[in-house]
1. Tell me whether the range 99-110 contains one or more residues that are farther than 18 Å from Gly53 by Cα, open to solvent by 50 Å² or more (accessible area, probe 1.4 Å) and either charged (D, E, K, R) or touching a Gly at 6+ places or on another chain (Cβ under 7 Å) (or both).
2. Of all residues being open to solvent by 90 Å² or more (accessible area, probe 1.4 Å) and touching a residue at least 12 places away in the same chain (Cβ under 8 Å) in the range 32-46, which is nearest to Ile3 (Cα to Cα)? Just the residue, please.
3. Being under 28 Å from Ala122 (Cα atoms), among the aliphatic types (A, V, I, L, M) and free of Cβ contacts under 8 Å to residues at least 60 places away in the same chain is true for just one of Leu92, Leu100. Which residue is that?
4. What do you reckon, is Thr56 over 30 Å from Gln8 (Cα atoms) and among the β-branched types (Val, Ile, Thr)?
5. Of the residues in the range 91-108, how many are closer than 16 Å to Thr67 by Cα and out of contact with any His (no Cβ under 6 Å at 6 or more places or on another chain)?
6. Looking at (1) of a type outside the set (Lys, Arg); (2) modelled with pLDDT of 95 or more; (3) open to solvent by 40 Å² or more (accessible area, probe 1.4 Å); (4) touching a Phe, Trp or Tyr at 6+ places or on another chain (Cβ under 7 Å), which is the only condition Leu90 fails?
7. Any residue in the range 47-57 that is in contact with a Pro (Cβ under 9 Å, 6 or more places away or on another chain), crowded, with 16+ Cβ neighbours inside 10 Å and part of a strand (DSSP E or B)?
8. Could you list, ordered by first residue, the pairs with Cβ atoms under 8 Å in which the first is in the range 13-24 and within 16 Å of Pro41 (Cβ to Cβ) and the second is open to solvent by less than 60 Å² (accessible area, probe 1.4 Å) and of a type in the set (Val, Ile, Thr), at least 6 apart or interchain?
Amino acid sequence: EVIQEWVQGRRDARTLAALAAQFGVPAATIRRETAPYGPFPLPGARLPEGVWGVNTIAQRVGLSPVTVMQWREKGKLPEPDFITAKQRPLWLPGTVETWLQTADLQTCPHCGARCLSVGRHAATAHPR
């Protein structure tokens, strides 16, 4: 049960140091015991609820954040609804969902990823 609490804490992006202090064990113990349940999100600032960044869009389409950033650079994504002071693009979920309904994306039959070219995606993600 304790390990499951550690796992949940790590999934909630709590730091190893904070968990170690709470449970009175070394951070290395928590890292070792929770490793099979990872990967875990990195601790740090989270986006406010109701906005999506590149990582969320990448999860939504089933591709890497690098690919989504390349799409943005090529003008394949909708314009962001907001740009932060640090130039981070953010979208409202509705903007992305509307774009997904109208975008000329193909669905990979192997993994369900939405991509510009199933052939190119399959060659790298599902090599034979």
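The values are calculated or read from the model by the stated rules, or taken from the named source; none is laboratory data. The shown structure was predicted, so the numbers you read here are calculated from the model rather than taken from an experiment. Note: ideal-geometry Cβ built from the backbone for every residue, glycine included; neighbour counts use all protein chains shown. The protein model used for the area step is the full one, side chains on, heavy atoms only, and it has no ligands, DNA or RNA in it. Shrake-Rupley method; radii C 1.70, N 1.55, O 1.52, S 1.80 Å.
1. Within the range 99-110, one or more residues are farther than 18 Å from Gly53 by Cα, open to solvent by 50 Å² or more (accessible area, probe 1.4 Å) and either charged (D, E, K, R) or touching a Gly at 6+ places or on another chain (Cβ under 7 Å) (or both).
2. Our first condition is that a residue be open to solvent by 90 Å² or more (accessible area, probe 1.4 Å); within the range 32-46, this holds for 32, 36-37, 39, 42, 45-46.
After this cut, where a residue has to be touching a residue at least 12 places away in the same chain (Cβ under 8 Å) as well, the list is 37, 42, 46.
Working: Tyr37: 10, Leu42: 19, Arg46: 24 Å.
Here the residue is Tyr37.
3. Details: Leu92 fails: under 28 Å from Ala122 (Cα atoms).
The match here is Leu100.
4. Numbers: over 30 Å from Gln8 (Cα atoms): no; among the β-branched types (Val, Ile, Thr): yes.
It is false that Thr56 is over 30 Å from Gln8 (Cα atoms) and among the β-branched types (Val, Ile, Thr).
5. Our first condition is that a residue be closer than 16 Å to Thr67 by Cα; within the range 91-108, this holds for 96, 100, 103-108.
Checking the rest, the ones that are also out of contact with any His (no Cβ under 6 Å at 6 or more places or on another chain) come to 96, 100, 103-107.
So the count comes out to 7.
6. For Leu90, the failing item is (3).
7. As a first pass, look at the range 47-57 and keep what is in contact with a Pro (Cβ under 9 Å, 6 or more places away or on another chain): 50-57.
The next check asks that each one be crowded, with 16+ Cβ neighbours inside 10 Å; those that pass are 51-54, 56-57.
Applying the additional criterion that residues be part of a strand (DSSP E or B) yields 52.
Yes: one or more hits.
8. Leu16/Ile30; Leu19/Ile30
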